[in-house]
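To keep things clear, I will list the structure first and then write my remarks on it.
The values are calculated or read from the model by the stated rules, or taken from the named source; none is laboratory data. These figures come from a predicted structure and were not determined experimentally. Please note: Cβ atoms are built from the backbone with ideal geometry, for glycine as well, and neighbour counts cover all protein chains shown. In case anyone asks, the SASA skips ligands and DNA or RNA and just uses the protein heavy atoms, side chains included. Shrake-Rupley method; radii C 1.70, N 1.55, O 1.52, S 1.80 Å.
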Amino acid sequence: MDENIKNIKKYGFVIFTFVLSAIGFLILINGVENGVDSANEYLSTSIGGSMDTDSFLLIMKGYIFSNFIFGGILLLVGLSFFCMSLYKLLKEMDLGD
């Protein structure tokens with residue numbers, strides 16, 4: 001029973017880091033589209049639908065940039081921990097043989 005919990009923790013962390021990396025990658029891929037959608041939502045809800053083009057473009061670039069930063073951080077952290085946990089897992093499997 002105790003060994004099953006260890007395996008769940010070990011493989012669960014690998015799966016978690018893989019999912020974290022996948023989410024970061026998807027945020028990076030869809031960063032522009034999500035940034036434009038967020039800027040349009042901001043324009044329609046808080047401003048009332050009217051704004052000069054330069055201000056809107058500045059807000060849109062900010063949303064796109066924040067999506068890229070967030071996705072990049074998630075991808076970097078996820079891949080780093082995924083590689084470390086995969087290395088540790090393979091090292092344990094090699095020592096077990």
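Solvent exposure of the chain, expressed per residue, is 74 Å² of accessible area, with all protein chains present and a 1.4 angstrom probe. Placing +1 on each Lys and Arg Cβ and -1 on each Asp and Glu Cβ, with no other charges, gives the stretch 48-97 a dipole about its Cα centre of roughly 60 debye. Note on the chain: dipole from Cβ charges, positive end direction compared against MET60, GLY78, GLY31; the farthest Cα belongs to GLY78. Legend: P(r) of the stretch 41-93 from all alpha carbon pair distances, 5 Å bins from 0, whole percents, reading 4, 17, 14, 13, 10, 9, 8, 7, 7, 5, 4, 2, 0.
Around the Cα centre of the chain, unit charges on the Cβ atoms of Lys, Arg, Asp and Glu (plus for the first two, minus for the last two) sum to a dipole of about 300 debye. The mean sequence distance of close C-alpha pairs (under 8 Å, at least 6 residues apart), as a share of the length of the chain, puts its relative contact order at 44 percent.
All other residues whose Cβ lies under 15 angstrom from that of MET60 are scored, Lys and Arg at +1 and Asp and Glu at -1, for a net of -4. For the chain, the fraction of alpha-carbon pairs lying more than 17 Å apart is 63 percent, rounded to a whole number. Mind pulling the angle between the C-alpha long axis of helix 2-29 and the longest principal axis of the chain? Nearest 10 degrees, somewhere in 0 to 90. Computed tilt is about 30 degrees. Using only the alpha-carbon atoms, how far is helix 53-96 inclined from the longest principal axis of the chain? Give it as 0 to 90 degrees, nearest 10. Between helix and principal axis, roughly 0 degrees.
The C-alpha atoms of the chain define a longest principal axis, and helix 31-42 lies at about 50 degrees to it.
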